[in-house]
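Trainee: My questions all concern the structure below.
The values are calculated or read from the model by the stated rules, or taken from the named source; none is laboratory data. Computed from a prediction, not measured in an experiment: that's the story for all the values here. For neighbour counting, all protein chains shown are included, and Cβ atoms are generated from backbone atoms with ideal geometry for every residue, glycine included.
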Protein chains: 2
Amino acid sequence: MSEPLIVDCLQHPKPERERYMEWRAGGVGCVHVTLSIWENARETLSVIGRWNRQFAEHSDLIAHAKSADDIEAIAASGRTAVLFGFQNTTAFEDDIDLVEVFHSLGVRIVLLTYNTQNSVAAGCWEDDSLGVTPFFGKNVIKEMNRHGILVDISHTNIKSGWDALEISERPIAITHANPSEYIGFDIELNRRNKPTDLIKAVTEAGGIIGLGMYPKIMKGGSNATMEDFCNMVDWSAERFGIDSIAFGTDFYDGWPVENITWWRAGRWARQSPLKIPSTFSEWPDWFRSPADFPGVLQGLRDKGFTEEDIAKIAGGNWLRLFRESFGPQA
Amino acid sequence: MSEPLIVDCLQHPKPERERYMEWRAGGVGCVHVTLSIWENARETLSVIGRWNRQFAEHSDLIAHAKSADDIEAIAASGRTAVLFGFQNTTAFEDDIDLVEVFHSLGVRIVLLTYNTQNSVAAGCWEDDSLGVTPFFGKNVIKEMNRHGILVDISHTNIKSGWDALEISERPIAITHANPSEYIGFDIELNRRNKPTDLIKAVTEAGGIIGLGMYPKIMKGGSNATMEDFCNMVDWSAERFGIDSIAFGTDFYDGWPVENITWWRAGRWARQSPLKIPSTFSEWPDWFRSPADFPGVLQGLRDKGFTEEDIAKIAGGNWLRLFRESFGPQA
């Protein structure tokens, strides 16, 4: 029996060989990586340039994927497919034409906003009086629909999630957040986790939630157990269906710790409104890196998931959604 | 008796000699010009470069002013002082540090948003569920306070006006809008005009409203009469006080008509959500250009304003606010 194709629908690693080795060790067939959080268009072009050099220098381990077919072919060659995405719409710079430009460069998944209100939508640090903006926000979603960029609401607030679902003519995704009903809502820890009714609506419309073991969004934080992670998968499968759940670990590594300030405050504040920790979160001992994915699959087997179920959760579901999402709108 | 110093606190002319001649003909001592509506930081630098060349080539008519003292000196030399401003915060590119950078380049007045919701505030095309954004919007206003950039709410929606007033630690301005109670509110014509209670609060806090004869915000549009304009000045003086009203004509000329699409839709839409007219609005026959300012002052005299009143309305009030606003925060 061959291992299933694993798709991790959100990581933000520093692009370097050590990460690709972990991917290989874990049998990870595809990783959706983040090009931009607060980076503008020009800076994002440089990030793409950096990845292009990685593809050239580490072609034994990774290759750039722009489609579900690419992912399958790259994974079949024993390498990891790298899929480009943004965790914000900053790089569009309020220019509707940049949606197509970045699609041409391979960007396939874009989060509408990262924590705060921008010109497109409101983030999970905002209250729900704010949502997707009536002009540019709506235009951007329809333009992403048109060209084939999957709308991601992982870091939006709840209202923006509902707004995006209503505006989008194609399925949308929660690439990396957990169900807050399962985790328990804690404003300091996991504002980005999503309520059950929103996840249900997203998945009923053909979307997927990528469940993750990032300590900040898990019950127990760094002490979360694999059993609890597998219980969350089971809990989610019952509510949202086996075809609608998948992985989005939010794994990152390799950055200097100063990057936390960049991620939290970008350039829009002198200081982060949230306290900046002095170290990165410690990953749980059963998921020190993506090299530990086989153990997670075994945990799901132990929980009673069938091989067919596991193939869907591990990568089949994301591949289905990618196939539906990355081409031009019908 | 010498003519009073005239300050027009908003024009958006194409930078060319014909305009400077009109300013001279009208005895205009200072014009607040627009560098950026949707232009980003880099593009705005080029606009500044363009103005710098104008200052060098037309030094007989214009000079760059960065302070109230500069304005008085330039006007006393028989030339027109050009004051830099933005009609949007696009050029800050969500970078708090660019506030000081643009202040260093002479930018002294910045409108929080132009019609739509951006990452700072909501514009007058949005409903009042939206306002100044809790993170970046608040930070930008405080940073403008700190360095000495006057907050302008001319094109914001009403809620953003109130929010800005509450957040700002220094007086704010409405550089170019009229009282909607006087004009009559018409959603198609003059969304940007402001309600009496907001104008009252802005002016009681030390701010000023710049009244204008731009047809789109006037009763009767292009057929508005000078008498009606002077009646509006009188109506406003009664309610807001003679120290709080001034001029903000919103005069523009010299651009190709295609620029209307740029002003309306920037790059954020393929088409403007509002119908694009095929020609520019026709200015009323008593204000074909700023060369007609002396006639307006005469109209105010005929209406019964004293020379002292007229000196305040024409320029004294703006100069007072500029003197209070353009230096570092106490």
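Residue-by-condition table, conditions (1) out of contact with any helix residue (DSSP H, G or I) (no Cβ under 8 Å at 6 or more places or on another chain); (2) β-branched (V, I, T); (3) surrounded by fewer than 24 Cβ atoms within 10 Å (Cβ to Cβ):
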site: A:A173; (1), (2), (3): no, no, no
site: A:D234; (1), (2), (3): yes, no, yes
site: A:I242; (1), (2), (3): no, yes, yes
site: A:A246; (1), (2), (3): no, no, no
site: A:W255; (1), (2), (3): yes, no, yes
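Trainee: Collect the residues in segment B:244-292 that are within 17 Å of the chain's Cα centre (by Cα) and of a type in the set (D, E), keeping them in residue-number order.
Mentor: Passing the criteria: B:D250, B:D253.
Trainee: Among (1) of a type in the set (D, E, K, R); (2) more than 14 Å from chain B (Cβ to nearest Cβ); (3) free of Cβ contacts under 8 Å to residues at least 24 places away in the same chain, where does A:R42 come up short?
Mentor: For A:R42, the failing item is (2).
Trainee: Further question on the same structure: Which ones in segment B:9-19 are in a helix (DSSP H, G or I) and either surrounded by fewer than 22 Cβ atoms within 10 Å (Cβ to Cβ) or within 9 Å of the chain's Cα centre (by Cα) (or both)?
Mentor: B:R17, B:E18
Trainee: Are any residues in segment B:137-152 under 10 Å from B:A164 (Cα atoms) and of a type in the set (G, A, S), and if so, which ones?
Mentor: Selection gives B:G137 alone.
Trainee: Which of the residues belonging to segment A:27-48 are surrounded by fewer than 20 Cβ atoms within 10 Å (Cβ to Cβ) and assigned to a helix (DSSP H, G or I)?
Mentor: Passing the criteria: A:A41, A:R42, A:E43, A:L45, A:S46, A:V47, A:I48.
Trainee: Right, another one. Could you list, ordered by first residue, the pairs with Cβ atoms under 8 Å in which the first is in segment A:287-298 and under 18 Å from A:G221 (Cα atoms) and the second is of a type in the set (V, I, T) and assigned to a helix (DSSP H, G or I), at least 6 apart or interchain?
Mentor: Short answer, once both residue conditions are applied: A:F287/A:V296.
Trainee: For B:L111, state whether it is in contact with a helix residue (DSSP H, G or I) (Cβ under 7 Å, 6 or more places away or on another chain) and at pLDDT 95 or above.
Mentor: Values: in contact with a helix residue (DSSP H, G or I) (Cβ under 7 Å, 6 or more places away or on another chain): no; at pLDDT 95 or above: yes.
So B:L111 fails the test.
Trainee: How about segment A:233-249: which of its residues are touching a residue at least 60 places away in the same chain (Cβ under 8 Å) and outside any loop (DSSP other than H, G, I, E, B)? Before the answer, list the steps.
Mentor: Our first condition is that a residue be touching a residue at least 60 places away in the same chain (Cβ under 8 Å); within segment A:233-249, this holds for A:233-234, A:237, A:239, A:242-249.
Hits for segment A:233-249 are A:V233, A:D234, A:A237, A:R239, A:I245, A:A246, A:F247.
Trainee: Mind listing just one residue for me: the one in segment A:287-318 that is touching a Cys at 6+ places or on another chain (Cβ under 6 Å) and hydrophobic (A, V, I, L, M, F, W, C) and, of those, farthest from A:P215 (Cα to Cα)?
Mentor: Our first condition is that a residue be touching a Cys at 6+ places or on another chain (Cβ under 6 Å); within segment A:287-318, this holds for A:299-300, A:303, A:318.
Checking the rest, the ones that are also hydrophobic (A, V, I, L, M, F, W, C) come to A:300, A:318.
Details: A:L300: 19, A:W318: 23 Å.
Among them, the one singled out is A:W318.
Trainee: For B:F84, which of the numbered conditions (1) within 14 Å of chain A (Cβ to nearest Cβ); (2) closer than 20 Å to B:W263 by Cα fails to hold?
Mentor: If we test B:F84 against (1) within 14 Å of chain A (Cβ to nearest Cβ); (2) closer than 20 Å to B:W263 by Cα, just (1) comes out false.
Trainee: Shifting gears a bit: Could you look through segment B:189-232, keep only residues that are among the acidic types (D, E) and without any contact (Cβ under 8 Å) to a residue 60 or more places away in the chain, and pick out the one that is surrounded by the most Cβ atoms within 10 Å (Cβ to Cβ)? Steps first, please.
Mentor: First pass over segment B:189-232, keeping only residues among the acidic types (D, E): B:197, B:204, B:227-228.
Imposing the further condition that a residue be without any contact (Cβ under 8 Å) to a residue 60 or more places away in the chain reduces the set to B:197, B:204, B:228.
Details: B:D197: 11, B:E204: 13, B:D228: 17.
The extreme case among them is B:D228.
Trainee: Mind listing whichever residues of segment B:234-282 are among the β-branched types (V, I, T) and away from chain A (no Cβ under 14 Å)? Walk me through it before giving the result.
Mentor: Restricting attention to segment B:234-282, the residues satisfying the condition of being among the β-branched types (V, I, T) are B:242, B:245, B:249, B:257, B:260-261, B:276, B:279.
Within segment B:234-282, B:I242, B:I245, B:T249, B:V257, B:I260, B:I276, B:T279 meet the criteria.
Trainee: Does segment B:250-286 hold any residues that are in a loop (DSSP other than H, G, I, E, B) and touching a strand residue (DSSP E or B) at 6+ places or on another chain (Cβ under 8 Å), and which are they?
Mentor: Of the residues in segment B:250-286, the ones in a loop (DSSP other than H, G, I, E, B) are B:250, B:252-258, B:266-286.
Within segment B:250-286, B:D250, B:Y252, B:W283 meet the criteria.
Trainee: Separate question: Inspect all residues belonging to segment B:116-126 and state whether any of them is within 12 Å of another protein chain (Cβ to nearest Cβ), of a type in the set (S, T, Y), touching a residue at least 60 places away in the same chain (Cβ under 8 Å) and farther than 17 Å from B:I208 by Cα.
Mentor: yes
Trainee: Answer with yes or no whether A:F84 is within 19 Å of the chain's Cα centre (by Cα) and either modelled with pLDDT under 95 or within 30 Å of A:R267 (Cα to Cα) (or both). Give the derivation first.
Mentor: On the way: within 19 Å of the chain's Cα centre (by Cα): yes; either modelled with pLDDT under 95 or within 30 Å of A:R267 (Cα to Cα) (or both): yes.
Yes: the conditions hold for A:F84.
Trainee: How many of the residues making up segment B:191-220 are assigned to a helix (DSSP H, G or I) and either of a type in the set (S, T, Y) or at pLDDT 95 or above (or both)? Even if it seems obvious, please write down each step before you answer.
Mentor: As a first pass, look at segment B:191-220 and keep what is assigned to a helix (DSSP H, G or I): B:196-204, B:215-217.
Narrowing the set further to residues that are either of a type in the set (S, T, Y) or at pLDDT 95 or above (or both) leaves B:196-204.
The qualifying residues number 9.
Trainee: Any idea which residue in segment A:127-160 is surrounded by the fewest Cβ atoms within 10 Å (Cβ to Cβ), counting only those that are at the interface with chain B (Cβ under 10 Å from one of its Cβ atoms) and part of a loop (DSSP other than H, G, I, E, B)?
Mentor: A:D127
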